[in-house]
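One structure is given below, encoded as structure tokens.
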Amino acid sequence: MNDLIIPKLRNDIVFDFVEDEVNGRHIVLFDPSGYADRPVYLPGFFLDMLKLLNGDLSINELNKTVSQTLNLDFDDSFFLELFKHLDENCFLETPRYFWRKYDIDKYLESPKRNYVCGGSTYPLEYAQLKESLDKLLDCKETTNSNQNAKAIIVPHIDFNIGAQANSTYSTAYNAIKNTEADLFVIFGTSHYGNSDLFMLTKKDFETPLGLVENDKELISFMQRDRMPRITIDDLSHRNEHSIELQAVILKHLFADKEFKILPVLCGSFHNFIRDNTLPNSERKFVDFIDKLKQGIEALGRKAVFIASADFAHIGRKFGDNFDATQVLENVKNEDMDLINQLENCNQDAFFKLVTEAKDKRKICGLSPIYAMLHTVCPSKGHFLKYEQWNEIATKSAVSFASLSFYE
């Protein structure tokens, strides 16, 4: 084991130092190429040792060098754990890193984003999927008076949970099923990446029902001026379900209609909660929304807007020290306070309520809901349905709702 050659540290890794009162000075390793999922934090004195990782030294040789030149003594198991940690995070030139690089590069080169929820959230087989979506959208709780909406809030909860999913998805999509829109702007929660407030991709969305085309012309229009910069983050979109689920439904609902989507992943707005400010107080937020609206108008798009958003996430699975069942009624009352503000088309009051509660219920739809309403500025809202999914096995629950909005 002592003769094991230590893999080389990647040349493109960058580092910075951070310091706090508890842990002192630390070095942070970053991967600007995006092959690593997260930064790696190590004690600050590790920097000189990391510089020795040239791919030529064995553990024994490195141990001797570290002892002689840096006056540090470690046993072999320490080095093995360190290199395991670096390897798992793709910071070393190992087969794990090269395979991940190949996989990501291949995805980035592709013009399509392949679906990731097929076979789990929805069936893969064409006829079975259409039957499943027909059932999901079988709406018995709304009337024609709720149709021709300019925008909707719809969940991204798993289709398979049953009646609760049916009632919320169907009431929302019933409100736009007769639309003449040729563009659906989907604001989705970003669960896997936060490189910016808003993250776009130019990739078309593959579904088992066929390709859903992305409005690349609109994105190019938004990129026309270099400042402010529009963020293209393909990797954040790769495994994200919040937009994929809506794309699948749209492809089914408008099978005979030509349309495009604009997939907009919304990053975390928690810095605004922390600072007790509104997102529309930041120039970057306003500029993105302005560019989006200008592009839609300039290109003559007939747009409908969708916020793909769930509400509260509570219980053990989400880090709470209590069972969800104990607080479901309280959560419903809190959610209805939020929904009342949304129905009144007051996204600022909605955001302030979440801020006052310090987002203790983890409203994952906070950013797409706020951004969508700020874009549309509707004059009337209509509350459609509210549901909770109580997952007994994990002692956790998610709440979600559907609303429609009109000019």
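Where a number appears in this text, it was derived from the coordinates with a stated rule and is not lab data. This is a predicted model, so every value here is computed, not measured. We place every Cβ from the backbone using ideal geometry, glycine too, and count neighbours over all the protein chains shown.
Over 31 Å between Cα atoms: which of Lys140/Lys380; Lys101/Lys352; Lys140/Lys203; Lys284/Lys362; Lys216/Lys362 fall into that group? Kindly include the intermediate steps, with their values, before the conclusion.
On the way: Lys140/Lys380 23 Å; Lys101/Lys352 42 Å; Lys140/Lys203 35 Å; Lys284/Lys362 24 Å; Lys216/Lys362 33 Å.
Among Lys140/Lys380; Lys101/Lys352; Lys140/Lys203; Lys284/Lys362; Lys216/Lys362, the Cα-Cα distance tops 31 Å for Lys101/Lys352; Lys140/Lys203; Lys216/Lys362.
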Overall dimensions of segment 237-336 as given by Cα atoms, namely Rg and Dmax in Å: 18.1, 51
Counting as exposed only trypsin sites (Lys or Arg not before Pro) in DSSP loop states with no more than 12 other Cβ atoms inside 10 Å, the longest exposed-site-free span of the chain is 52-139
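Is segment 14-107 best put as rounded, prolate or oblate by its Cα gyration tensor, with a ≥ b ≥ c the root eigenvalues, rounded for a/c under 1.5, and otherwise prolate when a/b is larger than b/c, oblate when not?
Working: a/c = 2.42, a/b = 1.32, b/c = 1.83.
Cα axes put segment 14-107 in the oblate bin.
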Tell me which lysines have Cα within less than 27 Å of Lys64's Cα, excluding those fewer than 8 residues away on the same chain? Lys8, Lys51, Lys84
Which residue, Leu384, Leu57, Leu366, tops the fluctuation ranking in a GNM of the chain built on C-alpha contacts under 10 Å? Leu57
So, relative contact order of segment 91-180 in percent, Cα under 8 Å, 6 or more apart, is 28 percent
For the Cα atoms of the chain, what angle does the longest principal axis make with the long axis of helix 283-298, in degrees from 0 to 90, nearest 10? 50 degrees
When you take every Cα atom in segment 132-225, what is the radius of gyration, and what is Dmax, the widest Cα pair distance, in Å? 15.7, 47
Please name which of Tyr173, Asn148, Thr189 has its Cα lying farthest along the dipole of segment 148-209 towards the positive end, using unit charges on Cβ (Lys, Arg +1; Asp, Glu -1) and the Cα centre as origin. Asn148
Taking Cα atoms, how many degrees apart are the long axis of helix 59-69 and the longest axis of the chain, rounded to 10 and kept between 0 and 90? 70 degrees
Hey, what's the Kirkwood Rh for segment 113-406 if you take every pair of different alpha carbons, in angstrom? 19.1 Å
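Two decimals is fine: what's Rg over Rh for segment 57-188, C-alpha atoms, Kirkwood radius as Rh?
1.31
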